[in-house]
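Heads up, the thing below is written out as C-alpha cells.
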Amino acid sequence: MLKDWFNNIKKKSLKQRFLLVLGILFFLIYLVLGLMIMFWKKLPLDMEPKYRYAFGILLIVYSGIRFLRLLNSNSE
C-alpha cells in the first residue's frame with residue numbers, strides 16, 4: 001500500500017507534488033495550532049477553558065478532514 005502511494009506521488013507533475021507538500025504542511029499547521037490552543041496555558045487568548053477546548057477540537061477535526069481529502073485526492 002505504501003509502495004503504491006509513493007509510486008503514485010512519483011507520477012505526479014512538479015506542480016501537483018508541490019501542492020501535495022503544501023497540503024501536508026497546512027494539515028500539520030492546523031493540527032499543531034489546535035493542540036496549542038488546547039494545552040498551552042500561557043497562550044495569549046482570553047477565552048474560557050471550555051471554549052478553548054472546543055476551538056482546539058474544531059481545528060483538529062478540520063485538520064483531519066483536510067488530511068482525508070488529501071488522501072482521497074492522492075489516490076486518483
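The values are calculated or read from the model by the stated rules, or taken from the named source; none is laboratory data. In this text the structure is predicted, and so the values were computed from the model without any measurement. With ideal geometry, Cβ positions are generated from the backbone for all residues, glycine too; neighbour counts draw on all protein chains shown. Areas reflect the complete protein model, heavy atoms only, side chains present, ligands, DNA and RNA absent. Shrake-Rupley method; radii C 1.70, N 1.55, O 1.52, S 1.80 Å.
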Select, from LYS3, LYS15, LYS41, LYS50, the only residue that is part of a loop (DSSP other than H, G, I, E, B) and either open to solvent by 80 Å² or more (accessible area, probe 1.4 Å) or in contact (Cβ under 8 Å) with a residue 12 or more places away in the chain (or both). LYS41
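Would it be correct to say that GLY23 is surrounded by 12 or more Cβ atoms within 10 Å (Cβ to Cβ), touching a Leu at 6+ places or on another chain (Cβ under 9 Å), in a helix (DSSP H, G or I) and modelled with pLDDT of 90 or more?
Considered against the rule, which asks whether it is surrounded by 12 or more Cβ atoms within 10 Å (Cβ to Cβ), touching a Leu at 6+ places or on another chain (Cβ under 9 Å), in a helix (DSSP H, G or I) and modelled with pLDDT of 90 or more, GLY23 comes out as no.
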Mind listing just one residue for me: the one in the stretch 53-73 that is under 17 Å from LEU20 (Cβ atoms) and surrounded by 15 or more Cβ atoms within 10 Å (Cβ to Cβ) and, of those, farthest from the chain's Cα centre (by Cα)? LEU70
